[in-house]
1. Please find the FRET efficiency linking Leu109 to Ala15, where r is the Cβ-Cβ separation and R0 is fixed at 30 Å, and quote it to the nearest 0.05.
2. Could you tell me how many cubic angstrom of Cα convex hull volume the range 55-111 has per residue?
3. What distance in nm separates the simple spin-label points at Val23 and Ser98, each placed 7 Å from Cα in the Cβ direction?
4. When ranked by the protection proxy of mean other Cβ atoms within 10 Å per residue, highest first, what sequence do the peptides 69-79, 11-21 form?
5. By average Cβ neighbour count within 10 Å, what is the ranking of 105-111, 94-100 from highest down?
6. Would you count, across the range 55-111, every pair of lysines whose alpha carbons are under 18 angstrom apart, provided the pair is eight or more residues apart or spans two chains?
Amino acid sequence: MKIQVIKENDQPKFAVVPWEIFVRFRDEIEDEVLAAEAKRVLADPVEGELVPFDVARYISNPVKAARIKAELSQEDLASRMGVSQAYVSKLEKARKVSPKVLHQIGVALAKPKRTRRVLKKTGTSG
């Protein structure tokens, strides 16, 4: 396995890695890019300017982007779809997701969030 380093002004600028390595670390790379972008924006905010955050700009997998946008955990989405959390994780790492699966996810995301009801126990004094 050979990693190519591309230099600019005699300093390392880019690394070219084998595809298998990139695929293995893609999620971590996306998270790092997202964190770096957030740090850059927060370091020099423009007064009074708010820029809407679009998950899809930072996460290439449509399943993961939709789940995060819906503010659901993998477990929550799995429960709504009637599948395991491991299956949702597998979908989020896939290079392509079929239209049928994307439709199933859309249906699952359209379901209302469950809220816990707290029932108060009422008693009578006698």
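1. On the way: r = 37 Å, r/R0 = 1.22.
Step by step, r from the Cβ atoms, then E = 0.25.
2. 71 Å³
3. For the pair Val23/Ser98, the computed spacing is 1.9 nm.
4. Details: 69-79: 15.9, 11-21: 9.6.
Listed from highest to lowest mean packing, they are 69-79, 11-21.
5. Values: 105-111: 14.0, 94-100: 10.0.
By packing density, highest mean first, the sequence is 105-111, 94-100.
6. Lysine pairs, 8 or more places apart or on different chains, close enough: 9.
No lab work stands behind these numbers, since they all come straight from the coordinates. Because the structure is predicted, anything quoted here is derived from the model rather than measured. Positions of Cβ are backbone-derived with ideal geometry, glycine not excepted, and every protein chain shown enters the neighbour counts.
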